[in-house]
Amino acid sequence: MHKISVLGCGYVGLVSGAGIAKFGNEVICADSNVHRIENLNKLIMPISEPGLKELVQEMYSSGRLSFSFDIKKSICGCDAIIISVQTPQDKDGSADLSYVIQVAKDIAEYIEKSTVVIIKSTVPIGTAKKIKNLINTRLADRNAEFSVEVVSNPEFLREGAAIKTFLYPDRIVVGSSGNKDALSLMDEIYKAPADSGVPIFKCSNETAETIKYASNSFLAMKISYINQIALLCEKTGADIKAVSEAVGSDERINPKFLNPGPGFGGSCFPKDTRALVKIAESYGVDLSMIRTAYEANKAHKDILATKAVKIVKENNGSVLGVWGLSFKAGSGDMRNAPALDILPLIIQNGIKVRVFDPEAMEEADEYLSEYRSMIEFCKTKEEVLLGADALLVLTEWDCFKNADLEETATLIKQKIILDYRNIFDKTSTKNLGYLYYGVGK
């Protein structure tokens, strides 16, 4: 059993800390946010994620997981320190490393023995080398007789399935300078998933950092691609569902991330695509495909907002009911959610919206605060429909998929559905008398 400190109790840090404790290690999760730590010690989660509270409670009760806002105490005596703080987008699209640098300075100031520093935060290529130099330079100033090794260990969590994707990942990526002690420690930390057959890719730090950005950017391009094909299908009369199923059945392509919708969002794809483009520019490389995917994603949301306005106004409507606000089902995360781009454009065209999301209402209220006069936050999906001229689906929650559309027809003013997640069958809705508009249908 290793003693491991996780610096940063946000989405990545909390899931990683609980997961590594589950693998048999002693973990202390530290954060400078005192309120967050106080809540975690009461087992109040800062995020909505299926299975997270149960895993945290299990590990907390076992004594293998604890929480602290004392950074110095959390760092001292650990075999490894995981950096999992945020790397938000800077104004120019590049990654802001200020939080990573600050915790690196804390590590350099407080550690008392040779330690492996593991970077889980998504960071620009070359960051591991910079952090290692920063820490070891300070240790030399302290006349310390030890140094650190820095390992890049990017996360590939899928929101809404984060616990499953951490405990049973597709792969684990470990980037390092080749230090045997550091690699041995990583093998021991991840022994449980490795024993179950999960492949561990060992490479340089720069390769590991690139893998993270390349993976997210590829998936973002795939989403933008299928959304553009969906728009073509709307013009030609082709069925995007059949197109995506046939294309995805090719083993070279596979069907994942070929579902058209309102565009990609969340904390990773928008941020990481722009950051990778900026990284490439600093090396004189033009990643035009990735830049275009980001731009196409923004344009796609504008097109869908314009489509919604046109349909509502053509039917003499003025109120739109909205099911779903978070960027995907299974998560209450509103960061870069398509709703944050689509709804303001609809509102700016004089249409009021009534909204409901099973997890994201409080966060959405904060993000959309400037539009409160035109938004009514409802308590149920049924309440959304009262007085609405049409229904817009933005998130594919099961409670929406399983809705009784016959009952819905008795509540809504006009039987119009803008299904931007394609959760309903076009023929069935039309048979119930609805005007149905999907994406690519």
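Quick note: the coordinates plus some simple rules give every number you see, no bench work behind them. Source: prediction; values computed, not measured. Note that each Cβ is placed from the backbone with ideal geometry, even for glycine, and that neighbours are counted across all protein chains shown.
For the chain, the Stokes-Einstein estimate of translational diffusion at 20 °C and a viscosity of 1.002 mPa s comes to 92 µm²/s, using the Kirkwood hydrodynamic radius over alpha-carbon pairs. A Cβ-based charge dipole, computed about the Cα centre of region 122-219 with Lys and Arg at +1 and Asp and Glu at -1, lands at about 180 debye.
Working from Cα pairs under 8 Å separated by at least six residues, relative contact order for the chain is 12 percent. Between amide H atoms placed 1.01 Å from N, distances below 5 Å from PHE67 occur with CYS29, all of them 5 or more places distant or on a separate chain.
Helices in the chain, meaning DSSP H runs of at least 4 residues, each add -39500 (n - 2.57). Divided by all residues, the mean residue ellipticity at 222 nm is -14000 deg cm²/dmol.
Sorting LYS241, LYS105 by the number of Cβ atoms found within 10 Å of their own Cβ, with the fewest placed first, yields LYS105, LYS241.
If both residues of a DSSP beta bridge must be in the chain, then about 5% of such bridges are antiparallel. Ordering of 267-274, 344-351, 313-320 by packing is 267-274, 344-351, 313-320, highest average first (other Cβ atoms within 10 Å, averaged per residue). Largest mean-square fluctuation among ASP389, ASP195, ASP333, in a Gaussian network model of the chain whose springs join Cα atoms under 10 Å apart, belongs to ASP195.
Taking only the Cα atoms of region 3-198, the radius of gyration and Dmax are 15.9, 47 Å. Using Cβ point charges alone (K and R +1, D and E -1), the dipole size of region 240-437 about the Cα centre works out to roughly 540 debye. Neighbour counts of C-beta atoms inside 10 Å place PHE23, PHE146, PHE156 in the sequence PHE146, PHE156, PHE23, starting with the fewest. Indicate the gyration tensor shape class of region 317-391 (rounded, prolate or oblate), computed on the Cα atoms with a ≥ b ≥ c the square roots of the eigenvalues: a/c under 1.5 is rounded; otherwise a/b larger than b/c is prolate and the rest oblate. The shape class here is oblate. The smallest convex shape that holds all Cα atoms of region 240-437, its convex hull, gives 131 Å³ per residue. Think of region 296-397 as having a plus end and a minus end, set by charges on the Cβ of Lys, Arg, Asp and Glu; of PRO338, GLY350, MET361, GLY350 sits farthest toward the positive end of this dipole. Remark: region 291-301, residue by residue, has Karplus-estimated 3J(HN,Hα) of 4, 5, 4, 5, 5, 5, 5, 5, 5, 4, 5 Hz, where x stands for each Gly or Pro and the curve is 6.51 cos²θ - 1.76 cosθ + 1.60 at θ = phi - 60°.
Each of MET289, MET221 was scored by other Cβ atoms within 10 Å of its Cβ. Listed from fewest to most, they are MET289, MET221. Using the Kirkwood radius built from alpha carbon pairs, what does the Stokes-Einstein equation give as D for region 64-155 at 4 °C and 1.567 mPa s, in µm² per second? It comes out at roughly 95 µm²/s.
In this structure, the amide hydrogen of ILE416, modeled 1.01 Å from its nitrogen in the peptide plane, lies closer than 5 angstrom to those of LEU391, LEU435, counting only residues at least 5 positions away or on a different chain.
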